[in-house]
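Visitor: Below you will find the structure I want to go over with you.
The values are calculated or read from the model by the stated rules, or taken from the named source; none is laboratory data. Quantities reported herein were computed from a predicted structural model and do not represent experimental measurements. Cβ placement follows ideal geometry from the backbone for every residue including glycine, while neighbour counts extend to all protein chains displayed.
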Amino acid sequence: MQTIKAAVCHAFNEPLVIEDVQLAPPAAGEVEVTLDAVAICHSDISYASGAWGGFLPAVYGHEAAGIVTAVGSSTDGFKVGDAVVVTLIRACGSCPSCAGGQPTICETPYDTVKGPLKTSKGEPLEQAMACGAFAEKVVVSHRQIVKIPENMPKDVASLLSCGVITGVGAAVNAAGLRAGQDVVVIGAGGVGLNAIQGARIAGARRIVAVDMTEEKLAIAKEFGATHGVLATSKAPWKVAYKALGGRGADAVLITVGAIPAYDQAVRYLGRGGKAVMIGMPHSGDTASYEPVILAALGQGLIGSKMGDVVIQRDIPWMIDLYEQGRLKLDELISGRWSLAQINEAIADTKTGSAKRNVIVFDRG
Ligand SMILES: [Zn+2]
Ligand SMILES: [Zn+2]
């Protein structure tokens, strides 16, 4: 066991507390990563507000990048000194979902309360989302990490762990967009901007962004949206039809957690279109739709977790796109903060205007 600093949640809706915690050394198949950066995601905020329940105390944080500083046995070629991104996708590699090429829905349970973290008193501490990355170091499965170029800035790389793969993957993998199709993206936040980028990369004909403010629609256009529609319009789907030459979309990507977005999503669809649920509403929230319309028009409604990615395949692809200037990452960062400022960074993210706030660790 070693002692590290982490931001710990002791009570939902209370500020996180920076304190000493204990971290176990990596077991077989695990690596220790000393973090340089961790981005703040709305999922961290939902957990910290109690939206999805879970054990307390807990350490959240799951969009990280750093350097491998220790390895257990059988870690598949990873070695001390490797620059990596850390994801929450702790896939076993051998269950039917993993073996079938869908590691984001791995069926093998992992007990996050019995993970490598303990409080300074040696009591249980949840390693939330199998990461616990609001901390100086993490111990995770080697299947959760992917090597990145040594010279890639870690704050930029950390975005690849969740928001970017979820958005781009939803467009390319989950919606299976092909060149020439029309897309509506609901929400132009951290995931939505990446869904827009994914649609652009997939060769979409028209990409309509839907959000609450003109400011966010303007940002959406910088990321590739061809049209913007205010969600506050009386019937925003009708405005979208106009942008799409009078027809509905081939795919609607719902990247927010607000229920009205789910209730309305199918209205934007054309014949044969698919609505992809990507955002994470709070547990217990429900949406409604008219099944007869989906049946009559041959439409689909699907969920997508983490962009249905295979990180070992998709993250190197996205790094190449970034280096070729085809995927914007730097522009997604709206602020850099220290671990001590984490509650301020979370408050700023909650205002909804921030793209991604990133905690940068001072290793000096
Ligand atoms: Zn996330
Ligand atoms: Zn599995």
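Visitor: Only one of (1) within 16 Å of ligand 2 (Cβ to nearest atom); (2) surrounded by fewer than 18 Cβ atoms within 10 Å (Cβ to Cβ) fails for Ile89. Which number is that?
Guide: The failed condition is (2).
Visitor: Run down Ala65, Ala51 and say which single residue is within 16 Å of ligand 1 (Cβ to nearest atom), within 18 Å of the chain's Cα centre (by Cα) and not in a loop (DSSP other than H, G, I, E, B). Please lay out each step first, then the result.
Guide: Values: Ala51 fails: not in a loop (DSSP other than H, G, I, E, B).
One residue alone meets the criteria, Ala65.
Visitor: Let me ask another. For residues that are in contact (Cβ under 8 Å) with a residue 12 or more places away in the chain, assigned to a loop (DSSP other than H, G, I, E, B) and not aromatic (Phe, Trp, Tyr), tally how many sit in the range 71-90.
Guide: From the range 71-90, those in contact (Cβ under 8 Å) with a residue 12 or more places away in the chain are 71-76, 78, 80-90; that's our starting set.
If we keep only those that are assigned to a loop (DSSP other than H, G, I, E, B) too, we end up with 72-76, 78, 80-82, 87-90.
Remaining after also requiring not aromatic (Phe, Trp, Tyr): 72-76, 80-82, 87-90.
Residues that pass the stated criteria total 12.
Visitor: Same structure again: Tell me which of these Val38 doesn't satisfy, since it passes every other one: (1) part of a strand (DSSP E or B); (2) more than 16 Å from ligand 1 (Cβ to nearest atom).
Guide: Here Val38 clears every test but (2).
Visitor: May I pose another question? In the range 129-152, how many residues are surrounded by fewer than 24 Cβ atoms within 10 Å (Cβ to Cβ) and at positive phi?
Guide: Residues in the range 129-152 being surrounded by fewer than 24 Cβ atoms within 10 Å (Cβ to Cβ) and at positive phi: 1 in total.
Visitor: Applying the selection to the range 44-75, what residues are of a type in the set (D, E, K, R) and over 30 Å from Glu150 (Cα atoms)? Outline the logic, then answer.
Guide: Looking only at the range 44-75, we keep the residues that are of a type in the set (D, E, K, R), and these are 44, 63.
Answer for the range 44-75, where residues must be of a type in the set (D, E, K, R) and over 30 Å from Glu150 (Cα atoms): there is none.
Visitor: Tell me yes or no: at least one residue of the range 30-39 is surrounded by fewer than 17 Cβ atoms within 10 Å (Cβ to Cβ) and aliphatic (A, V, I, L, M).
Guide: no
Visitor: If you check Ala220 against the conditions, is it under 25 Å from Gly303 (Cβ atoms), under 20 Å from the mean Cα position of the chain (by Cα) and either modelled with pLDDT of 95 or more or not in a loop (DSSP other than H, G, I, E, B) (or both)?
Guide: Details: under 25 Å from Gly303 (Cβ atoms): yes; under 20 Å from the mean Cα position of the chain (by Cα): yes; either modelled with pLDDT of 95 or more or not in a loop (DSSP other than H, G, I, E, B) (or both): yes.
Answer is yes for this residue.
Visitor: Out of Arg336, Arg326, which single residue is touching a residue at least 60 places away in the same chain (Cβ under 8 Å), more than 22 Å from Arg90 (Cα to Cα) and assigned to a loop (DSSP other than H, G, I, E, B)? If you could, list the steps in order and put the result at the bottom.
Guide: On the way: Arg336 fails: assigned to a loop (DSSP other than H, G, I, E, B).
Unique residue meeting the criteria: Arg326.
Visitor: While we're here: Need at least 2 residues that are within 16 Å of ligand 1 (Cβ to nearest atom) per element, so show me which strands (runs of 3 or more DSSP E) inside the range 91-164 make the cut, counting only ones lying wholly within it. Before you say what the answer is, go through the steps one by one.
Guide: On the way: elements: 117-119, 137-141, 145-147.
Counting at least 2 such residues, we get 137-141, 145-147.
Visitor: In the list Glu215, Glu222, which residue meets the criterion of being closer than 30 Å to Trp317 by Cα and not basic (Lys, Arg)?
Guide: Values: Glu215 fails: closer than 30 Å to Trp317 by Cα.
After ruling out the rest, the residue left standing is Glu222.
Residue-by-condition table, conditions (1) surrounded by 24 or more Cβ atoms within 10 Å (Cβ to Cβ); (2) farther than 18 Å from Asn173 by Cα; (3) small (Gly, Ala, Ser):
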site	(1), (2), (3)
Asn194	yes, no, no
Asp211	yes, yes, no
Val252	yes, no, no
Leu294	no, yes, no
